[in-house]
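The block underneath contains the structure these notes are about, expressed in structure tokens.
The values are calculated or read from the model by the stated rules, or taken from the named source; none is laboratory data. No experiment lies behind these values; they were computed from the predicted model shown. Neighbour counts are summed over all protein chains in view; Cβ atoms, including those assigned to glycine, are modelled from backbone coordinates with ideal geometry.
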């Protein structure tokens with residue numbers, strides 16, 4: 001394959017370990033959520049704790065530095081503590097993503113013994129009502145807040161994030177105030193909510209924000225964050241305008257990468273059932289990290305990538321630099337790797353219409 | 001008793017690894033939030049950290065460094081002293097004054 005000859009060396013520095021697809025919450029906008037009816041089958045095919053320990057050793061040997069432990073909800077696994085400890089003890093920079101609703105004493109003790117370097121907590125609302133409506137969990141907010149407070153006693157760096165959709169975007173300010181008040185931290189939110197991937201069952205299109213709302217939310221929060229970071233005397237002097245991003249050297253050039261990003265170059269995902277993916281969103285291209293072993297699966301993965309010509313409207317689009325399009329997003333939105341995703345296109349058009357506007 | 005007589009040993013809670021051709025020291029204990037959780041080591045620091053698995057004096061470390069690298073005893077001693085000071089500042093080394 002010619003492309004492989006001109007590509008820079010690939011190193012699996014950043015690994016995402018998807019311990020499970022299962023989750024105790026039923027968020028309407030989850031990209032990965034499967035029907036509860038599938039839980040028994042899903043659980044049966046999940047890698048065992050011994051397999052995860054072995055996989056972690058193989059990642060260690062392959063030179064992985066950063067490990068993201070995620071799901072589904074990773075704390076849902078009954079053997080979470082065993083899996084987590086075996087990974088952590090090897091010596092990685094460990095990030096844990098969780099909804100914080102399942103933090104038991106046993107889990108807290110394990111995390112205290114082996115504190116993650118970073119914990120990303122997702123809050124979906126600022127009340128039990130919102131959690132009930134959005135996540136199907138009547139006491140979700142109380143549990144998440146209690147869990148987050150427990151996790152805040154660890155020496156780990158904490159990050160709070162949320163995903164805004166129709167059912168909770170009215171909570172945005174309340175969530176941000178809560179995180180600031182309780183933890184003295186800022187909150188980030190996912191800029192765009194994509195449709196389900198890899199067999200996920202949720203109908204995300206019905207609950208997500210419109211392109212106009214998405215851009216408004218993104219700009220509002222960005223402006224607020226910039227204001228917070230500026231010293232008060234400078235807030236009136238600074239002008240903030242949306243501009244075209246500086247082109248990145250080779251990171252977005254498919255000539256030098258496989259997916260137009262770091263996916264499969266320095267980033268790798270090992271899924272709940274042992275598949276190796278270049279990107280967690282994109283199940284089309286995979287090798288079997290259990291059968292082949294990680295090193296071989298990583299080596300062979302590039303040969304699975306086959307990207308078709310995309311819609312000419314996309315490839316010739318002058319606004320490509322402001323667009324979030326990538327193979328993973330195209331697959332999520334269109335169910336294939338060539339069509340133009342209307343929702344993403346509308347968001348880009350909204351962004352373009354705001355270019356040059358004084359935002360501060 | 002001064003710095004030259006004391007014995008030093010690297011503390012637990014760090015894993016020395018080689019990642020993509022670079023030596024790094026990963027913090028895996030209560031220090032996880034410090035220095036972003038890891039430190040990049042140059043070849044001499046990497047060597048010194050490994051030999052600090054046993055209690056060592058400045059003199060011993062200096063000799064070991066000159067045996068491993070093409071460096072004069074004067075420069076080696078200066079490097080060892082600076083490295084130990086850095087480790088002490090970051091609570092990465094245990095000092096035994098009477099070992």
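Summary table below
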read-out	value
Pair list, Cβ under 9 Å, 6 or more apart: the range A:168-180 residue closer than 15 Å to residue A:141 by Cα, other residue at pLDDT below 90 and in a helix (DSSP H, G or I)	A:172/A:217; A:172/A:220; A:172/A:221; A:176/A:221; A:176/A:224
Odd one out for residue B:4 among (1) more than 9 Å from chain A (Cβ to nearest Cβ); (2) surrounded by 13 or more Cβ atoms within 10 Å (Cβ to Cβ); (3) touching a residue at least 12 places away in the same chain (Cβ under 8 Å)	(2)
Index of the failed condition, residue B:61 passing every other in (1) within 29 Å of residue A:89 (Cα to Cα); (2) away from every other protein chain (no Cβ under 14 Å); (3) part of a loop (DSSP other than H, G, I, E, B)	(3)
Residue within the range A:214-222 that is assigned to a helix (DSSP H, G or I), more than 30 Å from residue A:133 (Cβ to Cβ) and out of contact with any helix residue (DSSP H, G or I) (no Cβ under 7 Å at 6 or more places or on another chain) present	no
Subset of the range A:348-357 [assigned to a helix (DSSP H, G or I) and either over 23 Å from the mean Cα position of the chain (by Cα) or modelled with pLDDT of 95 or more (or both)]	A:349, A:350, A:352, A:353, A:354
Enumeration of residues in the range B:7-22 that are over 16 Å from residue A:14 (Cβ atoms), within 12 Å of chain A (Cβ to nearest Cβ) and part of a strand (DSSP E or B)	B:14, B:15, B:16, B:18
Criterion: at positive phi, in contact with a helix residue (DSSP H, G or I) (Cβ under 9 Å, 6 or more places away or on another chain) and at pLDDT below 95 - qualifying residue of B:6, B:20, B:91	B:91
Residue match in the range A:284-294 (condition: part of a loop (DSSP other than H, G, I, E, B), at pLDDT below 95 and within 23 Å of residue A:334 (Cβ to Cβ))	yes
Qualifying residue in the range B:56-78 (condition: touching a strand residue (DSSP E or B) at 6+ places or on another chain (Cβ under 9 Å) and loosely packed, with under 13 Cβ neighbours inside 10 Å)	no
Candidate set: the range A:1-22, residues that are modelled with pLDDT of 90 or more and within 14 Å of another protein chain (Cβ to nearest Cβ); chosen: the one nearest to residue A:99 (Cα to Cα)	A:15
From A:10, A:37, A:33, A:22, residue being surrounded by 15 or more Cβ atoms within 10 Å (Cβ to Cβ) and over 17 Å from the mean Cα position of the chain (by Cα)	A:10
Unique match (being in the same structural domain as residue A:47 (by TED's automatic domain parsing), touching a strand residue (DSSP E or B) at 6+ places or on another chain (Cβ under 9 Å) and either surrounded by fewer than 21 Cβ atoms within 10 Å (Cβ to Cβ) or part of a strand (DSSP E or B) (or both)) among A:125, A:147, A:120	A:120
Test: residue in the range B:86-98 that is in contact with a strand residue (DSSP E or B) (Cβ under 6 Å, 6 or more places away or on another chain), within 30 Å of residue A:157 (Cβ to Cβ), within 14 Å of chain A (Cβ to nearest Cβ) and assigned to a strand (DSSP E or B)	no
Answer residue from the range B:23-49, given it is closer than 19 Å to residue B:88 by Cβ and more than 14 Å from chain A (Cβ to nearest Cβ) and is surrounded by the most Cβ atoms within 10 Å (Cβ to Cβ) among those	B:48
Evaluation of residue A:56 against (1) away from chain B (no Cβ under 14 Å); (2) over 20 Å from the mean Cα position of the chain (by Cα); (3) closer than 24 Å to residue A:158 by Cβ (one fails), failing number	(1)
Number of the exception - residue B:52 against (1) within 14 Å of another protein chain (Cβ to nearest Cβ); (2) surrounded by 17 or more Cβ atoms within 10 Å (Cβ to Cβ)	(1)
Filter pass, residue A:252 being at pLDDT 80 or above and either assigned by TED's automatic domain parsing to the domain that holds residue A:45 or in a helix (DSSP H, G or I) (or both)	no
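Per-residue answers, yes or no, for (1) assigned to a loop (DSSP other than H, G, I, E, B); (2) modelled with pLDDT of 95 or more:
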| position | (1), (2) |
| --- | --- |
| A:24 | yes, yes |
| A:32 | yes, no |
| A:38 | no, no |
| A:52 | no, yes |
| A:84 | no, yes |
| A:89 | no, no |
| A:97 | no, yes |
| A:107 | no, yes |
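Table: residues versus (1) within 11 Å of chain B (Cβ to nearest Cβ); (2) surrounded by 17 or more Cβ atoms within 10 Å (Cβ to Cβ); (3) over 18 Å from residue A:14 (Cβ atoms).
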{"position": "A:70", "(1), (2), (3)": "no, yes, no"}
{"position": "A:79", "(1), (2), (3)": "no, no, yes"}
{"position": "A:83", "(1), (2), (3)": "no, yes, yes"}
{"position": "A:89", "(1), (2), (3)": "yes, no, yes"}
{"position": "A:94", "(1), (2), (3)": "yes, yes, no"}
{"position": "A:97", "(1), (2), (3)": "no, yes, no"}
{"position": "A:102", "(1), (2), (3)": "no, yes, yes"}
{"position": "A:105", "(1), (2), (3)": "no, no, yes"}
{"position": "A:111", "(1), (2), (3)": "yes, yes, yes"}
